[in-house]
Amino acid sequence: MPDAADPFSDELSANRGYAAGFELAELEPHAAKGLGVLTCMDSRIDPLAMLGLAPGDAKILRNAGARVTDDVLRTLVLASYLLGVERVMVVAHTNCRMATGSEDDVHAAIRAAGGPDTRSISFLTTRDQEDALREDVQRVCSWPYLGNLTVGGFLYDLGTGRLRRVC
Ligand SMILES: [Zn+2]
């Protein structure tokens with residue numbers, strides 16, 4: 001736990017240990033497996049372990065709900081042309097907060113938690129994750145700058161650790 005004076009003290013302390021045994025200085029910036037992974041920010045997902053990856057293997061992109069936003073497209077253009085990414089996995093997951101209610105539900109939950117009125121923000125919630133995956137994969141594939149990528153949509157089961165291809 002952090003100490004009262006510095007809310008990040010625990011992480012800085014952990015980092016000192018990490019840096020003492022640091023072994024990744026020789027990694028190349030290119031994704032060694034030519035892979036990009038877009039998944040949710042959910043802390044129950046360990047993207048590298050989930051896919052048998054090591055640091056350096058893949059570019060990992062995360063946001064709420066693993067949705068293909070403009071920023072994801074921007075990042076994939078860089079990943080594709082400058083960082084060796086040739087294939088992209090879009091990985092949604094079971095029990096995702098972004099798939100368990102409407103936009104209005106999320107706005108209301110934030111208000112109920114003491115937050116502000118967020119109705120000017122779109123959280124990209126979905127009622128049908130498989131449909132959303134198909135839409136998002138299509139969005140990447142049809143993006144004029146990204147026609148060179150192979151893209152798949154997957155659903156990760158938080159209860160079993162299994163990944164299933166949707167599209
Ligand atoms: Zn999620």
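Helices in the chain, meaning DSSP H runs of at least 4 residues, each add -39500 (n - 2.57). Divided by all residues, the mean residue ellipticity at 222 nm is -9500 deg cm²/dmol. From least to most packed, judged by other beta carbons within 10 angstrom and beginning with the fewest, Thr160, Thr39 follow the order Thr160, Thr39.
Which shape class applies to the chain: rounded if a/c is under 1.5, otherwise prolate when a/b exceeds b/c and oblate if not, where a ≥ b ≥ c are the square roots of the Cα gyration tensor eigenvalues? Note, shape of the chain comes out oblate.
Simple point charges give the picture: +1 on the Cβ of Lys and Arg, -1 on the Cβ of Asp and Glu, and for the chain a dipole about the Cα centre of about 480 debye. Let me have the relative contact order for the chain, percent, based on Cα pairs under 8 Å that are six or more residues apart. Normalised by residue count, the contact order of the chain is 21 percent. Each Cα pair under 8 Å and six or more residues apart adds its separation to the average, and for the range 86-167 the resulting relative contact order is 40 percent. DSSP beta bridges fully contained in the chain are about 20 percent antiparallel.
FYI, it's all coordinate maths here, none of it is from the lab. Fair warning: this is a prediction, and the values are worked out from it, not measured in the lab. Cβ: placed from backbone, ideal geometry, glycine included. Neighbour counts: every protein chain shown.
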